[in-house]
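Worksheet: one structure, shown below.
Only the coordinates and a few stated rules stand behind these numbers; no lab work does. The structure displayed is predicted, hence computed values, not measured ones. Glycine also receives a Cβ, built like all others from the backbone with ideal geometry; neighbour counts cover every protein chain displayed.
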Ligand SMILES: NC(=O)c1ccc[n+]([C@@H]2O[C@H](COP(=O)([O-])OP(=O)(O)OC[C@H]3O[C@@H](n4cnc5c(N)ncnc54)[C@H](O)[C@@H]3O)[C@@H](O)[C@H]2O)c1
């Protein structure tokens with residue numbers, strides 16, 4: 001039975017995937033859309049099979065008492081002000097990545113959601129794919145021992161053929177390679193390593209192919225990370241490649257390793273080579289294939305219990321702090337310590 005009525009802000013590419021996922025989670029009911037465009041509720045019903053109230057004014061939308069959860073799917077540069085407004089209006093929040101484009105804005109958001117006790121679900125949905133769950137569980141059970149090396153890499157050519165490129169080609173709107181998309185890989189590395197970062201060092205450049213000539217920031221970065229416990233890591237955030245989508249997870253411990261759907265451990269007797277895990281991999285940049293149903297199901301369970309999600313704002317804030325340090329490192333051409341923030 002539906003318990004939580006959802007109002008979506010910004011109905012573009014990713015919002016369609018959210019809507020389809022929300023329809024599959026019993027506790028959620030898509031109820032309203034706040035759009036920058038003039039949407040027609042009848043046409044919307046014909047196309048998506050749901051009755052929604054269409055708003056064009058954020059104040060009217062946020063004062064609608066029937067909206068329990070606000071789902072923010074707007075361009076990245078709008079996330080901070082809309083999150084603060086929705087939290088202050090007493091709504092719980094689903095928020096697309098990145099949470100914000102500056103550290104300063106993310107701090108303001110953190111203070112607001114803490115003050116209002118807003119329950120949040122940040123769209124690092126890749127955490128909910130079965131391969132990520134299996135790797136996390138293998139690590140947590142100590143099957144690969146003490147983790148001392150981790151690499152998670154994101155390769156996805158996001159060029160002018162994507163609709164959001166109208167706004168994302170400028171740094172003031174897209175932010176950086178990590179903020180536009182590679183944040184999924186960085187978040188996954190931090191989630192799996194489960195350790196604080198001490199320092200990062202990042203290099204960046206852009207594919208010389210002329211299709212990327214209008215972008216005013218580096219679309220490809222490589223970040224090296226030093227963790228507080230001495231472990232090291234690497235994240236490639238390649239958002240301008242000319243190849244099929246690749247999301248690599250490779251975690252190395254004192255007793256074994258996991259590499260996407262492959263696993264090896266000296267703790268398992270009789271295992272000679274890689275053991276294959278029967279899990280789903282993230283192998284597509286198409287948001288309709290992403291595990292939003294699992295993410296939203298977890299959120300609904302947490303709303304029922306009145307508790308924080310594992311992918312809450314606090315945890316996304318920690319990931320973004322590392323991103324802002326990495327982007328600062330690329331800009332300054334030197335390693336940056338997290339305690340500089
Ligand atoms: N988690 C993921 O894998 C993933 C994938 C794609 C996009 N995203 C994120 O989702 C967000 C949206 O990306 P997209 O690709 O859907 O972009 P998009 O351009 O397709 O959609 C954005 C929509 O917001 C609307 N909009 C703009 N300003 C508005 C306003 N003030 N009020 C209401 N609506 C407004 C636009 O009309 C558009 O329909 C971005 O932050 C992006 O980083 C995340």
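Helical content alone sets the calculated 222 nm signal of the chain at -10000 deg cm²/dmol, taking -39,500 (n - 2.57) per DSSP H segment of four or more residues and averaging over every residue.
Taking the C-alpha atoms only, the angle from helix 79-88 to the longest principal axis of the chain is near 60 degrees.
With contacts taken as Cα pairs under 8 Å at a separation of at least 6 residues, the chain carries a relative contact order of 20 percent. When 74, 239, 63 are arranged by Cβ crowding within 10 Å, least crowded first, meaning fewest neighbours, the order is 63, 74, 239. Here, P(r) means the percent of Cα pairs in each 20 Å bin from 0 to the largest distance; for the chain it is 30, 58, 11, 0.
So what's the angle, to the nearest 10 degrees on a 0 to 90 scale, between helix 13-24 and the longest Cα principal axis of the chain? Helix 13-24 sits at roughly 80 degrees to that axis. Extents of segment 11-76, taken as max minus min of Cα coordinates on every principal axis and listed largest first, are 28, 26, 24 Å. Largest mean-square fluctuation among 212, 162, 55, in a Gaussian network model of the chain whose springs join Cα atoms under 10 Å apart, belongs to 162. Compactness check for segment 4-125: Cα Rg over 2.2 N^0.38 Å is 1.00. Net length available on complete extension from residue 328 to residue 66 is 90.1 nm, with 0.36 nm assigned per residue and the Cα-Cα distance removed.
Rounded to the nearest 0.05, what FRET efficiency do residue 307 and residue 272 have when you use their Cβ-Cβ distance and R0 = 35 Å? Don't skip to the end; give the middle numbers.
Numbers: r = 43 Å, r/R0 = 1.24.
Step by step, r from the Cβ atoms, then E = 0.20.
Rounded to the nearest 10 degrees, the inclination of helix 130-140 to the longest alpha-carbon principal axis of the chain is 50 degrees.
Largest GNM mean-square fluctuation across 285, 174, 270, computed for the chain with C-alpha springs under 10 Å, falls on 270.
Percent of C-alpha pairs per 5 Å bin in segment 189-341, short distances first: 2, 7, 12, 14, 17, 17, 16, 10, 4, 1, 0.
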